[in-house]
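Data block below; observations after.
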Amino acid sequence: MRIHVRYLGIHAEIAGISDEEVELQGGNKLGDLVKHILEKYPNMAGLLDGTQTAVLKNGMAVDDMGEALEEGDEVVFMPAAGGG
């Protein structure tokens, strides 16, 4: 299953790219995609393991690692907005 992944901000700096096509072999959940990304870009662990990252799937915010992915979905990893 192919997923289009976009990286914004620090995520793009760590990955060295702003987007890529990812072929998921072993699962179809958001958590499977995150595991794949962490294997490829281990320096993202501190960002993706905590609350520092906002995740969008097809333009909608998601926070459930069990969220199902489908062929052609777009997932965006970006710095979480802060404020006060």
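Since every read-out is calculated from the coordinates, none of them should be taken as a lab result. Because the structure is predicted, anything quoted here is derived from the model rather than measured. Cβ: placed from backbone, ideal geometry, glycine included. Neighbour counts: every protein chain shown.
With N the number of residues in segment 2-79, Rg(Cα) / (2.2 N^0.38 Å) evaluates to 0.96. Within the shell defined by Cβ-Cβ distances under 14 Å, the residues around Glu21 carry a net charge of -3, with Lys and Arg each +1 and Asp and Glu each -1. The angle between the Cα long axis of helix 30-40 and the main principal axis of the chain comes to about 80°, on a 0 to 90 degree scale. Relative contact order, whole percent, for the chain stands at 41, derived from Cα pairs under 8 Å and 6 or more residues apart. Note on the chain: helix-only mean residue ellipticity at 222 nm, from DSSP H runs of 4+ residues weighted -39500 (n - 2.57) and normalised by residue number, equals -6000 deg cm²/dmol. Summing Cβ point charges (Lys, Arg +1; Asp, Glu -1) relative to the Cα centre of the chain gives a dipole of roughly 200 debye.
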